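These notes are about the structure you will find just below.
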Amino acid sequence: MKEIDGAYIFSGDGGLIFSLENLEGSTFDSDYLGDFLSVVETIALNIGEEEVNVLEFGNIKFFHTRDKLTKIGFAIKCKKDTKPKKIKHVLTNLMNVFLERFTGSFSSEEIIKKKKMESFIETISEQLGKGNKVEYFLDKIKIVK
């Protein structure tokens, strides 16, 4: 999808599980995004908001959600003028496909997680694009209490 610049999945403690970026030569460091979103969520909770769904910075927008059970966070980076309804659908799909693949497998051996991750990437690439840069960190797939 042309509007999407990146998709990211974070463990409950902010560690990067997965990133797919569609921009050539991007200097965006996604390692800090999970921590940043966690801090923003904490601030939102402290001022009485339940969830932060959209953040805007200059010409980009981040759509974010977190699974309440696993605490795993999901974010999509896109262009500022992208239609929210379209991105929210993609974000929900990203979360559902990931959780469908990995629920019950958080403690599995790395080879099993790798096969599930490859299947996950193949499935979501149909909607997000193949990505110029795809990274994943299997050791970060865990439930954080």
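The values are calculated or read from the model by the stated rules, or taken from the named source; none is laboratory data. Everything numeric in this text was worked out from a predicted model, so none of it was measured. In this analysis, Cβ positions are derived from the backbone assuming ideal geometry, glycine residues included, and neighbour counts consider all displayed protein chains.
Based on this model, can you work out whether N93 counts as at pLDDT 90 or above and within 13 Å of the chain's Cα centre (by Cα)?
Considered against the rule, which asks whether it is at pLDDT 90 or above and within 13 Å of the chain's Cα centre (by Cα), N93 comes out as yes.
Output the residues belonging to the range 75-134 that are in contact with a Lys or Arg (Cβ under 8 Å, 6 or more places away or on another chain), basic (K, R) and over 20 Å from K61 (Cβ atoms).
R101, K116
Have a look at D81, D67 and point out the one that is at pLDDT 75 or above, surrounded by 13 or more Cβ atoms within 10 Å (Cβ to Cβ) and farther than 20 Å from G131 by Cβ.
D67
Out of (1) at pLDDT below 85; (2) hydroxyl-bearing (S, T, Y); (3) part of a strand (DSSP E or B), the odd one out for Y32 is which?
The single condition Y32 does not satisfy is (3).
For E135, only one of the following conditions fails: (1) crowded, with 18+ Cβ neighbours inside 10 Å; (2) under 18 Å from G14 (Cα atoms); (3) at pLDDT below 90. What is its number?
Exception for E135: condition (1).
Identify the residue in the range 40-64 that is within 16 Å of the chain's Cα centre (by Cα) and of a type in the set (V, I, T) and, among all such residues, is modelled with the lowest pLDDT.
Per the stated criteria, the residue is V52.
What number of residues within the range 73-86 satisfy the criterion of being within 10 Å of the chain's Cα centre (by Cα) and more than 13 Å from E41 (Cβ to Cβ)? Full working, then the answer.
So in the range 73-86, the residues within 10 Å of the chain's Cα centre (by Cα) come out as 73-77.
If we keep only those that are more than 13 Å from E41 (Cβ to Cβ) as well, we get 76-77.
So the answer is 2.
So is L128 at pLDDT 90 or above and under 20 Å from N22 (Cβ atoms) or not? Break it down into steps so the answer makes sense when it comes.
Values: at pLDDT 90 or above: no; under 20 Å from N22 (Cβ atoms): yes.
Judged against the criteria, L128 is not a match.
Would you confirm whether or not the range 58-67 contains a residue that is assigned to a loop (DSSP other than H, G, I, E, B), out of contact with any Lys or Arg (no Cβ under 7 Å at 6 or more places or on another chain) and within 15 Å of F18 (Cβ to Cβ)?
yes
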